[in-house]
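Undergrad: Right, I'll just put the structure down here and ask away after.
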Amino acid sequence: MPDPAAVPVPDGFDVNRQEGGQADDARRRGPGRVLIAIYATFALAATARAAYQLSTRFSEAPVAYLLSAFAGLVYVLATMALVRVGRVWWRIAVTAVSVELVGVLVVGTLSILDRAAFPDETVWSVFGRGYGFIPLILPILGLLWLRKTRPATPRSPTE
Amino acid sequence: MIGFLATAIIVGALLVAGWAAVSALRRQDPLLVAMVLAVVTEVVILVQAAVAIVSSFRGEKADAPGVFYGYLIAVVLILPATLMWARAERNQFGSLVILFGSLVLAVLVVRLQEIWGVAVA
C-alpha cells in the first residue's frame with residue numbers, strides 16, 4: 001500500500017478521507033480551526049511588522065529586525081502546515097511550532113538581558129508581552145494539538 | 001477618520017465578540033444575530049475606509065501613511081475572512097473563531113486611530 005502522505009491531496013475544504021480511523025483534515029477541525037485563525041493572524045501581523053521595520057529602520061537594530069522577520073516566516077509556515085492535510089505537513093507543523101517555541105523563549109530572554117539590542121518591540125520581545133503573551137502560549141497549545149491529531153502510521157494503527 | 005465612526009466600529013466589534021462568546025458558552029454555532037451585527041459593522045468599516053481615503057486625498061494625512069493603509073486593509077478584510085473561516089465549523093469552535101476575530105478588529109481600530117493621530121479616550 002502506498003504511503004498516503006506521498007499522494008498529493010487536493011487542497012479543498014471537503015477532503016475527509018479516513019486514515020487509521022482519524023479524518024485526514026483533523027488538524028483544522030474543532031479547536032484546530034481556532035488555533036489556525038490565531039496562527040494566521042500572527043503570520044500576518046509579524047510579517048507585516050517585520051517588513052515595515054526592515055524597510056524603514058533596518059540599520060537601527062538589524063539583528064532584532066531580522067529575528068522579527070524570521071518569526072513572521074515561522075508563523076506563515078506553521079499556519080500553512082496546520083491547514084494542509086497529510087503526514088508530511090504534520091511533521092512540518094511540528095518542526096515549525098517547535099522552532100517557534102524555542103524562538104519565543106530565546107528572543108524573550110535576550111530582549112530582557114540586552115534591551116539595547118531590541119529598541120523596538122518585536123513579536124517575541126519579552127515573551128510576546130506586546131501581544132498579551134499569546135506568542136508564549138500559542139506554541140504550547142500548538143504542540144498539544146499536534147500530538148492529539150498525530151496521523152496514524154500505517155504499521156501501528158493504535159497510535 | 002471620523003471619531004464616532006471608529007467608536008461605532010469598536011462597539012460593533014465588541015457586540016459581535018460578546019454574542020460569539022455567549023454562543024460558544026452555549027456550545028452553539030454563531031447565532032444569526034452575530035452575523036447581522038458583523039455585516040452592519042462591516043458597512044460602517046467601509047464607510048470609514050472611504051472617508052479616510054477621501055480625506056487623505058485632501059491632504060489630511062496620517063503620520064505614517066504606509067502603516068495606516070496596512071492597518072486599514074486589515075480592518076476591512078478581517079470580518080469577512082473570519083466569517084468565511086468560521087462558517088465551516090457550525091459549533092462552539094466557529095463561535096470562538098468569530099470571538100477572536102472581532103476582538104482583533106477592536107484592537108486594530110484602536111491602533112488605526114493612534115496612527116491617524118486621534119487621541120483615544
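Undergrad: Report, ordered by the first and then the second residue, all pairs with beta carbons closer than 8 Å, sequence separation of six or more or different chains, a first member in the range B:82-93 that is facing chain A (nearest Cβ under 10 Å), and a second member that is of a type in the set (Phe, Trp, Tyr).
TA: B:82/B:100; B:88/A:13
Undergrad: So how many residues does the range B:6-39 have that are surrounded by fewer than 17 Cβ atoms within 10 Å (Cβ to Cβ) and within 20 Å of residue B:71 (Cα to Cα)?
TA: Of the residues in the range B:6-39, 4 are surrounded by fewer than 17 Cβ atoms within 10 Å (Cβ to Cβ) and within 20 Å of residue B:71 (Cα to Cα).
Undergrad: Consider the range A:85-103. How many of its residues are closer than 18 Å to residue A:42 by Cβ and touching a residue at least 24 places away in the same chain (Cβ under 8 Å)? Steps first, please.
TA: Let us first name the residues in the range A:85-103 that are closer than 18 Å to residue A:42 by Cβ, namely A:92-103.
Next, from what is left, pick out any that are touching a residue at least 24 places away in the same chain (Cβ under 8 Å): A:93-94, A:97-101, A:103.
Within the range A:85-103, residues that are closer than 18 Å to residue A:42 by Cβ and touching a residue at least 24 places away in the same chain (Cβ under 8 Å) number 8.
Undergrad: Looking at the range B:83-119 only, could you name the residues that are buried (at least 24 other Cβ atoms within 10 Å of the Cβ) and among the polar types (S, T, N, Q)?
TA: B:95, B:102
Undergrad: Moving to a separate point now. For the range A:30-79, give me each residue that is surrounded by fewer than 16 Cβ atoms within 10 Å (Cβ to Cβ) and either within 14 Å of chain B (Cβ to nearest Cβ) or touching a residue at least 40 places away in the same chain (Cβ under 8 Å) (or both).
TA: Correct list: A:54, A:55, A:56, A:57, A:60, A:63.
Condition check ((1) under 20 Å from residue B:91 (Cβ atoms); (2) in contact (Cβ under 8 Å) with a residue 24 or more places away in the chain) across all residues:
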{"position": "B:24", "(1), (2)": "yes, yes"}
{"position": "B:33", "(1), (2)": "yes, no"}
{"position": "B:38", "(1), (2)": "yes, yes"}
{"position": "B:60", "(1), (2)": "no, no"}
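Undergrad: What number of residues within the range B:94-121 are over 16 Å from residue B:15 (Cα atoms) and within 12 Å of chain A (Cβ to nearest Cβ)?
TA: Looking only at that region, the number is 3.
Undergrad: Could you go through the range B:54-69 and let me know if any residue there is touching a Phe, Trp or Tyr at 6+ places or on another chain (Cβ under 6 Å) and either surrounded by 14 or more Cβ atoms within 10 Å (Cβ to Cβ) or at pLDDT below 90 (or both).
TA: Kept after step one, since they are touching a Phe, Trp or Tyr at 6+ places or on another chain (Cβ under 6 Å), are these residues of the range B:54-69: B:62.
Pick out the ones that are also either surrounded by 14 or more Cβ atoms within 10 Å (Cβ to Cβ) or at pLDDT below 90 (or both) and you get B:62.
Scanning the range B:54-69, I find at least one residue that is touching a Phe, Trp or Tyr at 6+ places or on another chain (Cβ under 6 Å) and either surrounded by 14 or more Cβ atoms within 10 Å (Cβ to Cβ) or at pLDDT below 90 (or both), so the answer is yes.
The values are calculated or read from the model by the stated rules, or taken from the named source; none is laboratory data. Note that the coordinates shown come from a computational prediction; the quantities given were computed from them, not determined experimentally. Every residue, glycine among them, receives a Cβ derived from its backbone with ideal geometry; neighbour counts consider all protein chains shown.
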